[in-house]
Amino acid sequence: MDDGGSATTTTARVTAELRHAILEGVLAPGERLRAEALAERFGTSRTPIREALGSLEVEGLIELQPRRGAVVRPFDSADLLDLYEVRALIEPFAAARAATRLDQSELDRLNEICTLAEARSGDRKAAVDDQISWNEEFHRVIVEGADSPRLQAAMRGVAGIPRAFRAAFWANEAERTKSLFYHREIVRALESQRPEAAEAIMRVHILNAREFLAEVMHGDDEA
């Protein structure tokens, strides 16, 4: 069986692909993750699978249950609200650091993402998928631009936002409009190298998403 290179590279690949499958809903909450089946699926031995599952447990995406082993962690409303509250602590700091570290090519890409997103309207699946993809890239460029591996690791630990909520957010015209406005303002602060402004706008942006999540969940509770 081919591990596709070094053990470290294989583990990183499996971790990334499993993380993506969980966040995209390919692996459903509560689904059991069998090491043997995953090893066959990814064409690797069970060692990288076990290491990947360990990393995803630390990130809060899976949990180890007695007699069941690894399962995709189901999220309740308190879990999701907590994710956004922690993001509101971490990601503004990343934006502040990035304000003095991003190069021109990264700033150009952030502007390009804003332009693409602003031109893509509607609530159809293809449009929502594009918005989700661009939003993920937008935030990733900023976090990576902060140039802190520890900060990137911390952000991975609060990345478990289910696709269903992300889709509901980007399908909502009012929320989409507000989010894209915040993105533009964040880029302006980054371009002018204003760390405090970038930090403040990012915090408002994240808390706005949390407020929308709370409203959606409150509506579900009343339904």
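The values are calculated or read from the model by the stated rules, or taken from the named source; none is laboratory data. This one's a predicted model, so the numbers in the text were calculated from it and none came from an experiment. Glycine also receives a Cβ, built like all others from the backbone with ideal geometry; neighbour counts cover every protein chain displayed.
A search for C-beta distances below 7 Å between a residue of the stretch 106-133 that is assigned by TED's automatic domain parsing to the domain that holds residue 168 and without any contact (Cβ under 8 Å) to a residue 60 or more places away in the chain and any residue that is loosely packed, with under 13 Cβ neighbours inside 10 Å and hydrophobic (A, V, I, L, M, F, W, C), counting only pairs 6+ apart in sequence or on different chains, returns nothing. The criterion of at least 2 residues that are loosely packed, with under 14 Cβ neighbours inside 10 Å is met, among helices (runs of 4 or more DSSP H) falling completely within the stretch 106-223, by 125-145, 149-156, 173-191, 195-222. When the criteria are applied in full, residue 102 meets the requirement of being in a loop (DSSP other than H, G, I, E, B) and under 16 Å from residue 184 (Cα atoms). The requirement of being assigned by TED's automatic domain parsing to the domain that holds residue 19, over 17 Å from the mean Cα position of the chain (by Cα) and among the aliphatic types (A, V, I, L, M) is fulfilled somewhere in the stretch 53-69, by at least one residue.
Listed by position, the helices (runs of 4 or more DSSP H) inside the stretch 1-78 whose residues that are β-branched (Val, Ile, Thr) and under 18 Å from residue 157 (Cβ atoms) number at least 1 are 7-23, 46-58. Can you say whether residue 192 is within 16 Å of the chain's Cα centre (by Cα), among the polar types (S, T, N, Q) and assigned by TED's automatic domain parsing to the domain that holds residue 84, as far as the supplied structure shows? In short, no. Restricting 113, 132 to those that are among the aliphatic types (A, V, I, L, M), closer than 21 Å to residue 215 by Cα and in contact with a Phe, Trp or Tyr (Cβ under 8 Å, 6 or more places away or on another chain) reduces the list to 132.
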